[in-house]
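A.B. asks: Starting off with a structure, shown below.
The values are calculated or read from the model by the stated rules, or taken from the named source; none is laboratory data. Computed from a predicted structure; not experimentally measured. Here the Cβ positions follow ideal geometry from the backbone for every residue, glycine too, while neighbour counts run over all protein chains shown. These area figures cover heavy atoms from the full protein model, side chains too; ligands, DNA and RNA do not enter into them. Shrake-Rupley method; radii C 1.70, N 1.55, O 1.52, S 1.80 Å.
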Amino acid sequence: MKILIIGGGFSGMSAAIALRRSGHDVELVEIDAGWRSYGAGISLGGATLRAFRTLGILDEFLKHGNASDGVDIHLPTGQKIATLPTPRVAGPDVPGGGGVMRPVLARILADATRASGAQVQLGCTFESIEQDADGVDVSFSDGRRGRYDLVVGADGLHSKVRECVFPEAPVPRYVGQAVWRAVLPRPAELHTATMWVGPRIKVGVNPVSREEMYLFVTEDRALNERIEPAQFAPLLRGLLAGFSAPLVQQMREQLTDDNARIVYRPLDALLMPLPWHRGRVQLIGDAVHATTPHLASGACIGIEDALVLAEELQRHGNVAAACEAFETRRWERCRMVVENSGRLCEIEITGGDKEEHSRIMRESLMALAQAI
Ligand SMILES: Cc1cc2nc3c(=O)[nH]c(=O)nc-3n(C[C@H](O)[C@H](O)[C@H](O)COP(=O)(O)OP(=O)(O)OC[C@H]3O[C@@H](n4cnc5c(N)ncnc54)[C@H](O)[C@@H]3O)c2cc1C
């Protein structure tokens, strides 16, 4: 089949690799001429590492990122209260979780995308999508036109493909919480993802390599307002003030005004009801199921979408049956991630039941470990 992928994020690149492997003729268009990836680190569960293994990028990840078992949970004072188990989903030889810098993961996937033989057009997007029973005609911003058997919309939370093909679809919703992230040197004593849970603020770190870790801090904010970057360091230091744990205080001192690697991100969510395809246009990833990061699984479910779509196309050999089967397989898992993450976020915002919070975390991690 001749397949066009619109959007070269984690989901789109994974789709290009998986679909090329099944022998399809794949073209990927990415609007950003620099194919950049923003943000600090990203946390990955065992299911994500399993998807990396299937995609063939696990070894590169293990070389450039960090893999470890368990998530240590502490009180703000530093007293350890629990270790969340992270099952070794990718195999007995691979730890149950990990972290990596986003640009590093994006580079690994971009290299694999090019090596797969997919044609990549950067700084390019679609201008129109028109379909009939036998194919999809697409015109591009660089003046080209093409006809495809299938178009995959993987252009993220604010998807233009969704807007064009599903004008009635819901739009992303601000959830009332924001996340701060920063990149700092990794202390020798930090072995795995670690969190300090306060009454309203949650502080966490995750190693992203042998030398570095990333810090994440969730904060309730009723309104989605712009914050001046000059305010980033003082505001973030202020959020850490109530945490007396020595490692948190050490990080607080490192967050200086000229630390350019602080990122502030208000959180949105979106779960589009099925169907996620119309005719020969299929949406995947954040374009249909953008989750808050409470289960660190948004990238995971987007990458899994790519693997499952390629499998179902292989199995059915026809677009309509493959898209139906793809959505039947994906709905429950993606719904679970978006809705459980949303509930965790709500409990944090309202200072709700901590028992329910840890139960949802455990149950969701176990559900994610199931086969896709
Ligand atoms: C604060 C925060 C923290 C997170 N932390 C984690 C985490 O720890 N672990 C985890 O697994 N997930 C995490 N996520 C979720 C994860 O980042 C997303 O689920 C994932 O990046 C989605 O990938 P995607 O490829 O579907 O979309 P995107 O990453 O949004 O990629 C879309 C791509 O399409 C391109 N594009 C956009 N419009 C067009 C267009 N019109 N034409 C062509 N190209 C276009 C964009 O430039 C981009 O390259 C987090 C999210 C947030 C907001």
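A.B. asks: Can you tell me which condition L62 does not meet? The list is (1) at pLDDT below 95; (2) more than 16 Å from the ligand (Cβ to nearest atom); (3) farther than 30 Å from E355 by Cβ; (4) of a type in the set (A, V, I, L, M), and all the others hold.
C.D. replies: That leaves (1) as the condition not met.
A.B. asks: Can you tell me which residue is farthest from T218 (Cα to Cα) among those in region 243-263 that are open to solvent by 30 Å² or more (accessible area, probe 1.4 Å) and within 16 Å of the ligand (Cβ to nearest atom)?
C.D. replies: Per the criteria, the residue is R261.
A.B. asks: Taking the residues in region 284-296 that are part of a loop (DSSP other than H, G, I, E, B) and open to solvent by 10 Å² or more (accessible area, probe 1.4 Å) as candidates, determine which candidate is nearest to the ligand (Cβ to nearest atom). Quick ask: steps written out before the conclusion?
C.D. replies: Of the residues in region 284-296, the ones part of a loop (DSSP other than H, G, I, E, B) are 284, 288, 291-292, 296.
Right, trim to open to solvent by 10 Å² or more (accessible area, probe 1.4 Å) and you get 291, 296.
Details: T291: 6, A296: 4 Å.
Filtering region 284-296 for residues that are part of a loop (DSSP other than H, G, I, E, B) and open to solvent by 10 Å² or more (accessible area, probe 1.4 Å), the one nearest to the ligand (Cβ to nearest atom) comes out as A296.
A.B. asks: Being part of a loop (DSSP other than H, G, I, E, B) and either out of contact with any strand residue (DSSP E or B) (no Cβ under 7 Å at 6 or more places or on another chain) or aromatic (F, W, Y) (or both), is that true of even one residue in region 197-204? Spell out how you get there, then give the answer.
C.D. replies: Within region 197-204, the first condition is being part of a loop (DSSP other than H, G, I, E, B), and the residues that meet it are 198-201.
Imposing the further condition that a residue be either out of contact with any strand residue (DSSP E or B) (no Cβ under 7 Å at 6 or more places or on another chain) or aromatic (F, W, Y) (or both) reduces the set to 198-199.
Yes, there is a match, as at least one residue in region 197-204 is part of a loop (DSSP other than H, G, I, E, B) and either out of contact with any strand residue (DSSP E or B) (no Cβ under 7 Å at 6 or more places or on another chain) or aromatic (F, W, Y) (or both).
A.B. asks: OK, next. How many of the residues in region 315-345 are closer than 30 Å to A82 by Cα, touching a residue at least 24 places away in the same chain (Cβ under 8 Å) and not hydrophobic (A, V, I, L, M, F, W, C)? Write out each step before concluding.
C.D. replies: Of all residues in region 315-345, those closer than 30 Å to A82 by Cα come to 332-345.
Subset that is touching a residue at least 24 places away in the same chain (Cβ under 8 Å): 333-342, 344-345.
Filter again for not hydrophobic (A, V, I, L, M, F, W, C), leaving 333, 335, 339-342.
The number of residues fulfilling the criteria is 6.
A.B. asks: Can you say whether D305 is farther than 19 Å from R200 by Cβ and assigned to a strand (DSSP E or B), as far as the supplied structure shows? Before the answer, list the steps.
C.D. replies: Details: farther than 19 Å from R200 by Cβ: yes; assigned to a strand (DSSP E or B): no.
Criteria not met by D305.
A.B. asks: Moving on to the next point. I'd like to verify a number: residues in region 170-185 that are of a type in the set (V, I, T), in a loop (DSSP other than H, G, I, E, B) and under 17 Å from the mean Cα position of the chain (by Cα), how many? So that I can check it myself, show each step before the final result.
C.D. replies: Within region 170-185, the first condition is being of a type in the set (V, I, T), and the residues that meet it are 171, 175, 179, 183.
Now drop any that are not in a loop (DSSP other than H, G, I, E, B), which leaves 171.
Checking the rest, the ones that are also under 17 Å from the mean Cα position of the chain (by Cα) come to none.
Selection size over region 170-185: 0.
A.B. asks: Hand me the list of strands (runs of 3 or more DSSP E) wholly inside region 1-101 holding 2 or more residues that are open to solvent by less than 10 Å² (accessible area, probe 1.4 Å) and hydrophobic (A, V, I, L, M, F, W, C). Even if it seems obvious, please write down each step before you answer.
C.D. replies: Details: elements: 2-6, 25-30, 41-45, 66-68, 71-74, 80-84, 97-101.
Answer list for region 1-101: 2-6, 25-30.
A.B. asks: Taking the criterion of being buried (at least 22 other Cβ atoms within 10 Å of the Cβ) and more than 19 Å from R20 (Cβ to Cβ), would at least one residue in region 303-320 satisfy it?
C.D. replies: no
A.B. asks: Of these, A115, A110, which one is under 28 Å from I5 (Cα atoms), of a type outside the set (S, T, N, Q) and either in contact with a Phe, Trp or Tyr (Cβ under 7 Å, 6 or more places away or on another chain) or not in a helix (DSSP H, G or I) (or both)?
C.D. replies: Values: A115 fails: either in contact with a Phe, Trp or Tyr (Cβ under 7 Å, 6 or more places away or on another chain) or not in a helix (DSSP H, G or I) (or both).
Matching residue, one of A115, A110: A110.
A.B. asks: Let me ask another. Identify all residues within region 312-338 that are within 18 Å of V26 (Cα to Cα), out of contact with any helix residue (DSSP H, G or I) (no Cβ under 8 Å at 6 or more places or on another chain) and among the charged types (D, E, K, R); write none if there are none.
C.D. replies: Correct list: empty.
A.B. asks: Next up: More than 13 Å from the ligand (Cβ to nearest atom) and either surrounded by fewer than 20 Cβ atoms within 10 Å (Cβ to Cβ) or not in a loop (DSSP other than H, G, I, E, B) (or both): is that true of S364 in this structure?
C.D. replies: Details: more than 13 Å from the ligand (Cβ to nearest atom): no; either surrounded by fewer than 20 Cβ atoms within 10 Å (Cβ to Cβ) or not in a loop (DSSP other than H, G, I, E, B) (or both): yes.
It is false that S364 is more than 13 Å from the ligand (Cβ to nearest atom) and either surrounded by fewer than 20 Cβ atoms within 10 Å (Cβ to Cβ) or not in a loop (DSSP other than H, G, I, E, B) (or both).
A.B. asks: Among residues belonging to region 140-173 that are within 13 Å of the ligand (Cβ to nearest atom) and over 24 Å from I303 (Cα atoms), point out the one that is least open to solvent (accessible area, probe 1.4 Å).
C.D. replies: Ranking the candidates gives F140 first.
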